[in-house]
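Coordinate-derived values only; no laboratory data. Since the model is a prediction, treat every value here as computed from it, not as a measurement. For neighbour counting, all protein chains shown are included, and Cβ atoms are generated from backbone atoms with ideal geometry for every residue, glycine included.
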Amino acid sequence: MDIASSTTTTAQVICQGPDMPSDPPMLMNQHSVVQITLTGPALVSTILAIIISIQVLQPSLTCTLLALAPLPFIIYNDYENFLNLGPGGTPSTFLGYLKIAYLRLFALSDPYTPATFSEKIYPVTGYYQRAHTWLPERIGPRPKIAGIAPQRQLDQQGCPKMHQILRTSLENLAVRHPNFFRVDISCFEKKGLALFARDPINPTCRGEICHVHHSDRSMHMNLHPDDAKVVLEKGWGERHPLARGGWMKAYVPREFIMVYAPRDRRELDVVCRIIEAAGFWVSGERFEVKVEKEPLLERHAEPKAIES
């Protein structure tokens, strides 16, 4: 009996242009289904095994064993998918996988519908005062997203140069406003570059505003419900599977969303505007994320240490 699984392999989207470098494609294999292929000898052996089982065991027990037979292959396939997403906030171990498999039972069924809030929140309105005109429609279909922790973007993985410029821009923001912001290792991901508010007004993981993923160039951030609603409706992101509030706040806030990787300079400008809104929700401060290619000063070894 040969076990084969159909696999979806995705590679990063390389932005085009004479001044845009191309990194080697980063592959994320995701097995879509488990297929059991029976060759001639395997088919005969399986039939004989079923006949013997019916004679030796109770028919009901034989039926139960047959029904459970694919389960180990399904679990193995799912575990491989978990590992193939790369490192994230959950250890890449079988125990980590079991934790995610349990949390998946409570994951959001619709990540594109904004969260509802009945309690009072502050600030009362978002950074852009509920205006839908501040954000353009994202061009094209949404990318494919997989996982919980880690949650990763499988295709349309964006431009390497735009990703590096975004990192530099966040670092420069912290340099310009050291009393309000800092960059460090992500509290949610346990790795990767993150922007933090030094004096947060809304609770996140140690005041984390956003973090960027080196593997797929997407990001997670915390947004005011007004601004998150526009981001979701305009197609720039989706809610995290565990961002449903209640006891799940122990993992991520209800305002936690994924924003897709910028594919070009236009999309990078949009992402920076979304980060400004995220910073307002967490810190209460209004600021500008300037798109900059060069760092303002040398940051010693920190950027190297927080790659993931």
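Observations on the model:
- Environment charge of Tyr97, counting only residues whose C-beta is closer than 13 Å and scoring Lys/Arg +1, Asp/Glu -1: 0
- Base-10 log of normalised Debye intensity for region 110-305 (one unit scatterer per alpha-carbon) at q = 0.13 Å⁻¹: -0.62
- Dividing the convex hull volume of the alpha-carbon atoms in region 49-153 by its residue count gives 208 Å³ per residue.
- When the Cα convex hull of region 118-167 is projected onto planes of every orientation, the mean area is 6.4 nm².
- Where N is the number of residues in region 245-286, Cα Rg divided by 2.2 N^0.38 Å: 1.42
- Taking every Cα-Cα distance in region 168-237 and sorting them into 10 Å bins from zero, the calculated P(r) comes out as 20, 47, 31, 1 percent.
- The share of C-alpha pairs in region 69-129 whose separation exceeds 14 Å stands at 71 percent.
- Among Val259, Val44, the order by Cβ neighbours within 10 angstrom, fewest to most, reads Val44, Val259.
- If you take the Cα centroid of region 233-270 and the Cα centroid of region 96-114, the two points sit 14 Å apart.
- Sum of side-chain charges, Val231 neighbourhood, beta-carbon under 14 Å (Lys, Arg +1; Asp, Glu -1): -1
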